[in-house]
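**Q** If you scroll down you'll find the structure; I have some questions about it.
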Amino acid sequence: MTQPRVPFLDLGAIHRDLKDELLESFAGLIDSGAFINGPAVREFEEAFAAYVGTTHAVGLASGLDALRLGLLAAGLQPGDEVLVPANTFVATLEAVTQAGGRPVPVDMSETDWNIDVDAAEVAVGPQTRFILPVHLYGQMADMRSLSGLAERHGLTLVEDACQAHGAGRAGVRAGVTGRASAFSFYPGKNLGAFGDAGALTTNDGDVAEVMRALREHGQRAKYEHEREGWTARLDTIQAIVLQAKLQRLEAWNEERRGIADHYLERLAGVGDLELPPVAPDSLPVWHLFVVRTADPAALAEALEERGIATGRHYPDAVHLTEAYRWLGYEQGAFPLAERHAERVLSLPIFPGMTTDDTEAVVAGVSAFFD
């Protein structure tokens, strides 16, 4: 397969300037042998908590671990219903079911492509205990309104911030509103590790303490097991990578915003293309730049012929996947989310992407509709 002229994501461009720094740090790690729970883990946790604006961050092995264990640490009990967006990656629902809860999908809003607050209010039932909004594609959900909903109904709010490192809305930053908030550091995320990694942020000391036990066999001290736990620790080597990258995250997010602004300006009014909305007073970090069109597969094929890579996030509404057919929802249950899934296409966006790259994408999309 030939290398695309404009890749969907170029991690090499991100890592090039970090290589020498990281190799030196890795050499020190090899000498120390502190591969598990090394000092770099606590250093990164403290730095990431400060960045997000919380008192605690707990490093974990993946974003899914952060979601699943975060729900448990926040008090989810078997059978509790959890409101989730119908347009999300499957991990959001996996976290709920693996923690023993039952996901209750809610349709999306066209104002921000996140969970619809009014629809969520209607979906609250006698067994509803949690709401788990997702800051999809790097744009925050309406956390002020969702906080009000949670307070009115006595629900616990946990954030899926796995795509929203550094995002903000209405003066609120991703990761601070809920009782707990999950982040993913999968390599392609705005802040990505060299493998799977994640973190949970919280201002609740009890939640943080339980999380630290759950991530390591349920123990608070060695061989003192108060509860059943997992092996879900953040590896020291990943903490080293994340600490180095965290210092560059704001600059990388600004690069993404510049690319997104270029797309929003140059692609406005092109064909039937629907560009992503930006909610008022919102500061997205553009983990993905997702457009909608009647035939995304044809557009993707046309761009591929020009050497431009694209992606589909996510082409099937999660309640219609085989994994979650058992929830009992049929086609048409969440029409906005289903239509959205059918029409989405993700365009290239990453730090280091040049103006020529962006213009090549614009030219390719425009040519398709001419």
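The values are calculated or read from the model by the stated rules, or taken from the named source; none is laboratory data. Remember, it's a predicted structure, so these values are computed and weren't measured experimentally. For neighbour counting, all protein chains shown are included, and Cβ atoms are generated from backbone atoms with ideal geometry for every residue, glycine included. Ligands, DNA and RNA are excluded from the accessible area calculation, which covers all protein heavy atoms including side chains. Shrake-Rupley method; radii C 1.70, N 1.55, O 1.52, S 1.80 Å.
**Q** Those residues that are in contact (Cβ under 8 Å) with a residue 12 or more places away in the chain and within 30 Å of Ala360 (Cβ to Cβ), I need them from region 17-55; list them, please.
**A** Passing the criteria: only Leu18.
**Q** Small (Gly, Ala, Ser) and out of contact with any Phe, Trp or Tyr (no Cβ under 6 Å at 6 or more places or on another chain): does that describe Ala232? Reasoning before the result, please.
**A** Working: small (Gly, Ala, Ser): yes; out of contact with any Phe, Trp or Tyr (no Cβ under 6 Å at 6 or more places or on another chain): yes.
Here the answer is yes, as Ala232 does meet what is asked.
**Q** Among the residues of region 251-270, are any under 23 Å from Ser184 (Cβ atoms), within 18 Å of the chain's Cα centre (by Cα), in contact (Cβ under 8 Å) with a residue 40 or more places away in the chain and in a loop (DSSP other than H, G, I, E, B)?
**A** No, the conditions are met nowhere in region 251-270.
**Q** Out of the residues in region 30-59 that are among the aliphatic types (A, V, I, L, M) and touching a Phe, Trp or Tyr at 6+ places or on another chain (Cβ under 9 Å), which is nearest to Val176 (Cα to Cα)? Show your work before the answer.
**A** To start, the set of residues in region 30-59 that are among the aliphatic types (A, V, I, L, M) comprises 30, 34, 36, 40-41, 47, 49-50, 52, 57-58.
Narrowing the set further to residues that are touching a Phe, Trp or Tyr at 6+ places or on another chain (Cβ under 9 Å) leaves 52, 57.
Working: Val52: 7, Ala57: 11 Å.
That would be Val52.
**Q** If I ask for residues that are part of a strand (DSSP E or B) and under 11 Å from Trp230 (Cβ atoms), which ones from region 54-68 would you list? Talk me through it step by step, then tell me what you get.
**A** Pass one, region 54-68, residues part of a strand (DSSP E or B): 56-60.
Hit for region 54-68 is Leu60, nothing else.
**Q** Give region 191-208 a look and list any residue that's open to solvent by 10 Å² or more (accessible area, probe 1.4 Å) and in contact with a Lys or Arg (Cβ under 7 Å, 6 or more places away or on another chain), or say none.
**A** Going residue by residue through region 191-208, those that are open to solvent by 10 Å² or more (accessible area, probe 1.4 Å) are 194-196, 203-206.
Residue satisfying the conditions is Asp204 alone.
**Q** Return only the number of the condition from (1) open to solvent by 60 Å² or more (accessible area, probe 1.4 Å); (2) in a helix (DSSP H, G or I) that Val278 does not satisfy.
**A** Just one mismatch for Val278, condition (2).
**Q** Which condition number does Ser346 fail, the rest of (1) out of contact with any Asp or Glu (no Cβ under 7 Å at 6 or more places or on another chain); (2) in a loop (DSSP other than H, G, I, E, B); (3) buried (at least 17 other Cβ atoms within 10 Å of the Cβ) being met?
**A** (2)
This table checks each residue for (1) of a type in the set (Phe, Trp, Tyr); (2) over 24 Å from Gly188 (Cα atoms); (3) part of a helix (DSSP H, G or I).
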position	(1), (2), (3)
Val291	no, no, no
Glu301	no, no, yes
Glu304	no, no, yes
Asp316	no, no, no
Tyr324	yes, yes, yes
Arg339	no, yes, yes
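**Q** What's the number of the condition Phe8 fails, among (1) surrounded by fewer than 13 Cβ atoms within 10 Å (Cβ to Cβ); (2) farther than 24 Å from Arg220 by Cβ; (3) in contact with a strand residue (DSSP E or B) (Cβ under 8 Å, 6 or more places away or on another chain)?
**A** With (1) surrounded by fewer than 13 Cβ atoms within 10 Å (Cβ to Cβ); (2) farther than 24 Å from Arg220 by Cβ; (3) in contact with a strand residue (DSSP E or B) (Cβ under 8 Å, 6 or more places away or on another chain) applied to Phe8, the lone miss is (1).
**Q** Still on this structure, please answer the following. Answer with yes or no whether Glu43 is charged (D, E, K, R), within 18 Å of Val318 (Cβ to Cβ) and part of a helix (DSSP H, G or I).
**A** Numbers: charged (D, E, K, R): yes; within 18 Å of Val318 (Cβ to Cβ): no; part of a helix (DSSP H, G or I): yes.
In short, no.
**Q** What about Ala297, is it over 25 Å from Ala61 (Cα atoms), in contact with a Pro (Cβ under 8 Å, 6 or more places away or on another chain), assigned to a helix (DSSP H, G or I) and not acidic (Asp, Glu)?
**A** Working: over 25 Å from Ala61 (Cα atoms): yes; in contact with a Pro (Cβ under 8 Å, 6 or more places away or on another chain): no; assigned to a helix (DSSP H, G or I): yes; not acidic (Asp, Glu): yes.
So Ala297 does not fit the description; no.
**Q** Now for a separate question. Can you list residue pairs whose Cβ atoms sit under 8 Å apart, with the first residue in region 56-85 being of a type in the set (Lys, Arg) and the second being open to solvent by 20 Å² or more (accessible area, probe 1.4 Å)? Count only pairs 6 or more apart in sequence or on different chains.
**A** Every condition considered, the pairs that remain are Arg68/Glu94; Arg68/Gln98.
**Q** Run Gly59 past the list (1) open to solvent by 20 Å² or more (accessible area, probe 1.4 Å); (2) of a type outside the set (Lys, Arg); (3) within 19 Å of Ala208 (Cβ to Cβ) and report the number of the one that doesn't hold.
**A** (1)
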